[in-house]
Amino acid sequence: MSTFIFLGPELGKKQDELEKVRKKFPGAEETTFYAGETPVSIIADTVQNISLFATSRLIIVKNAEQIKKKDEINILVSCIKKMEPATGPKPQTAGLEVPGADNTALVLLSDEIKLAAGLDDAVPGTNRRVFYELFEREKEEWLKSFFNSEGFSIDSECIQTILEMVENNTQAMKRECSRLCLFLPKDKSGLTPVRAADLEKWLSHNREESAFTLFSRIASGDLAKALESLRTMLAAKESAQSILAGLAWCFRKLQSYLALLETGETNNIELRKIGLSSPKARDDYTAAARRYNSAAAETCLALTADYDILLRSPAAALADILMDRYILAIFNTGR
């Protein structure tokens, strides 16, 4: 079995690496789990079981940082070791090649930069990669190259506007800028300059609500806008549980930021390590730090976990009401 660990906040490059794994296992039967939701024992059983309907398998475990308990780590590490490629001929069933150790891939994904001790060590260094958020210069170069390839020229002012309005990873930037290019006026005679006014107009119009925009409103203390953002996502059929998962990620990052504040090591390098290199992200977490201390951030995480459990119970039929109550509880936790 090939095991991979892809970590870090740079979602675009991480997704590119996952696509490379998919190409190594063409036509694979793909299964996705979320650590913290599915017991590790079930994940391990799935990895070790043989499929009779596919010649290869790709098993993806998201939020792998949630695998923390010693017994969980031991189960998964043992599973990885047991599934190491064996020698000898591959078994055949009804003329179909049966997936075994050498044609099964296990991919552990996390937006954090490391997993629990012991789990990282089970995977060879070449198969373990951390994708840090790009430096500001790299983001600017990426955006300039993207717009040039689409027939536009873009200056530094416009680039900064984009970085302030879009999540700073290449996946989000590509998604939003691709949409943007559909609306921008284009001159076929050469590269068309992008105007800041057009960016603000169309990015504001097209920007999707997400757990990250919701967190931004929580950080600023704007309850009305937070509830509006929540309603927009729920109306767009965004699941309440996925919203909670995104907010849990934000509050964990807030804990990391608060820890940096306590040590006084809030330089660019340390901020980048926890995925806060863009001015917009730093503004959001600076605002959040004024409203939530470490204890409050921990309380917010506990509330998020409690409401996640409620949304898996018969009370889930009242998801809209539960989520409103959750947002109010989060605001009441702040200073």
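None of the figures in this text is laboratory data; all of them are computed from the coordinates on show. Not measured: the values here are computed from a predicted model. Glycine gets a Cβ as well: all are built from the backbone with ideal geometry, and neighbour counts include every protein chain shown.
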Read through the labelled values [x] 65, 56, 43; [y] 82, 56, 36; [z] 60, 55, 43 and report the label of the one computed as Cα extents along the principal axes in Å from the structure.
[x]
Looking at the chain, do any whole DSSP H helices span at least 30 angstrom along their long axis by alpha carbon and average -0.5 or above on Kyte-Doolittle, and which?
240-263
Amide H neighbours of Ile5 under 5 Å, counting only residues 5+ apart in sequence or on other chains, H built in-plane at 1.01 Å?
Leu108, Arg128, Arg129
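Could you tell me whether the stretch 1-69 comes out rounded, prolate or oblate from its Cα gyration tensor? Rule is a ≥ b ≥ c as square roots of the eigenvalues, rounded for a/c under 1.5, then prolate if a/b exceeds b/c, otherwise oblate. List each step's numbers first, then the result.
Numbers: a/c = 2.43, a/b = 1.06, b/c = 2.28.
Judged from the Cα gyration tensor, the stretch 1-69 comes out oblate (a/c at least 1.5, b/c at or above a/b).
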Amide H contacts of Glu30 (H built 1.01 Å from N, under 5 Å, at least 5 apart or other chain):
Leu58
The chain, dipole about Cα centre (Lys/Arg Cβ +1, Asp/Glu Cβ -1), debye to the nearest 20
260 debye
I'd like the distance between the alpha-carbon centres of the stretch 249-286 and the stretch 130-189, rounded to an integer number of Å.
23 Å
Explain nothing, just the number: relative contact order of the stretch 195-286, from Cα pairs under 8 Å at least 6 residues apart, as a whole percent.
27 percent
Pick out, from Ala259, Gly12, Thr192, the residue whose Cα sits farthest towards the positive end of the charge dipole of the chain, with +1 on the Cβ of Lys and Arg and -1 on the Cβ of Asp and Glu.
Gly12
